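Written below as structure tokens is the structure these notes are about.
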Amino acid sequence: MSHNNSPLLQAINLKKYYSVKSGMFSPKQQVKSLDGVSFTLERGKTLAVVGESGCGKSTLGRLLTMIETPTAGEIYYQGQDILKHDPAAQKLRRQKIQIVFQNPYASLNPRKKVGDILEEPLIINTHLSRSERKERAQAIMDKVGLKTEHYDRYPHMFSGGQRQRIAIARGLMLNPEIMIADEPVSALDVSVRAQVLNLMMDLQQELGLSYVFISHDLSVVEHIADEVMVMYLGRCVEQGPKAEIFNNPRHPYTQALLSATPRLNPDARRERIKLTGELPSPLNPPQGCAFNARCRRAFDQCFEVKPALKKYHDQLIACFAVDREEGLLEAIKTPAAG
Ligand SMILES: Nc1ncnc2c1ncn2[C@@H]1O[C@H](COP(=O)(O)OP(=O)(O)OP(=O)(O)O)[C@@H](O)[C@H]1O
Ligand SMILES: [Mg+2]
């Protein structure tokens, strides 16, 4: 299908600002939920997006799936600008990029049977006959581990894990290439998380799917990611191949997140860094690096200027302490001298 060498999905400097009013008489303020995020996603790969609650992960997911339009930035699907108001391009994008949400209790219509839920996208987007739709729905049900007799059942008759299988099946009905999964296992019992993750990985293998996998939980991401992007207050602070991020995290925020994460490999023990304080309000972001108040390595520059992402080997890192380590910051005042 691909007619050029462009990446499957590319986002450039995506921003989403919301206008909010905190009270009836207070002036409107801007929330920078997403403040300049870029990445490329290759075919068959998984980009994990991680960070604490409120850092902008779901906002990014909504932009990528066209639920909302960005305030600024560009999105390309196989080199095609998909924010362009071209109905054909937008239809293609709706088909090729699907989303699975965190809560399978809220995302499935309780009044519809599984078969109807699955066939709805086919009714809207294809000319398949009734029997062709049913055939397709049952084929996909089989792929996600649901049984034929589930076709006529209602969502409330299923467990959380099975509901998430239904949601995944619905996402697959139009043969997508990209699945945006927003915390797809966070609402599930720990005992079924691995099953759903394994299903997603099997489907990826079989169908060549690409995932943007959103999660606040690094231990989940370690199973499934190829590339990891760590976000803090609407921006990427560190990005790189999974092995680099897990074995050689360099941003103090990534280090703190990882030190709080139980690891698959107990040998990979590391110094425990306590993450104190909270994510600052995006309504009132601090000057300089957004992480400065919680950072044990912050020095004066971090309170004045926002660090830009820089490339170090395979990683992108936005941190003056790392810049300094790499000898890239010259003439820095020593922190003690103030
Ligand atoms: N429609 C909106 N209007 C105003 N502010 C919003 C809106 N949607 C999100 N925000 C704000 O944007 C920031 C990022 O929200 P977002 O839901 O993307 O975070 P998240 O990383 O997905 O968090 P979580 O892990 O809790 O799901 C938050 O401060 C949130 O309050
Ligand atoms: Mg979210």
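The values are calculated or read from the model by the stated rules, or taken from the named source; none is laboratory data. Keep in mind that what you see is a predicted model, and the values were worked out from it rather than measured. Cβ placement follows ideal geometry from the backbone for every residue including glycine, while neighbour counts extend to all protein chains displayed.
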**Fill in**
Exactly one of SER58, SER33 is more than 29 Å from ALA243 (Cβ to Cβ), at pLDDT 90 or above, within 16 Å of ligand 2 (Cβ to nearest atom) and polar (S, T, N, Q), and that one is SER33
**Fill in**
The strands (runs of 3 or more DSSP E) lying entirely within region 1-89 that contain at least 3 residues which are touching a Pro at 6+ places or on another chain (Cβ under 7 Å), within 16 Å of ligand 1 (Cβ to nearest atom) and assigned by TED's automatic domain parsing to the domain that holds GLN102 are 9-20, 29-41
**Message:** It is to be established whether one or more residues within region 181-188 are more than 16 Å from ligand 2 (Cβ to nearest atom) and outside any strand (DSSP E or B).
**Reply:** no
**Request:** Scan region 292-313 and give yes if some residue there is at pLDDT below 90 and either in the same structural domain as LYS32 (by TED's automatic domain parsing) or in a loop (DSSP other than H, G, I, E, B) (or both), otherwise no.
**Result:** no
**Request:** Please work out if LYS134 is more than 16 Å from ligand 2 (Cβ to nearest atom) and touching a residue at least 24 places away in the same chain (Cβ under 8 Å).
**Result:** no
**Asked** Under 8 Å by Cβ, and 6 or more places apart or on different chains, what pairs join a residue from region 25-53 that is over 18 Å from ALA308 (Cα atoms) with one that is among the polar types (S, T, N, Q) and loosely packed, with under 15 Cβ neighbours inside 10 Å?
**Response** LYS28/SER19; GLN29/SER19; GLN29/SER22; GLN30/SER19; VAL31/SER19; ARG43/SER2
**Request:** Sort out which residues of region 138-160 are within 25 Å of GLY44 (Cβ to Cβ) and either touching a strand residue (DSSP E or B) at 6+ places or on another chain (Cβ under 6 Å) or in a helix (DSSP H, G or I) (or both), and write them in order of number.
**Result:** ALA139, ILE140, MET141, ASP142, LYS143
**Prompt:** Is it fair to say ARG94 is within 26 Å of TYR151 (Cβ to Cβ) and either of a type in the set (Lys, Arg) or outside the structural domain of ALA187 (by TED's automatic domain parsing) (or both)?
**Reply:** yes
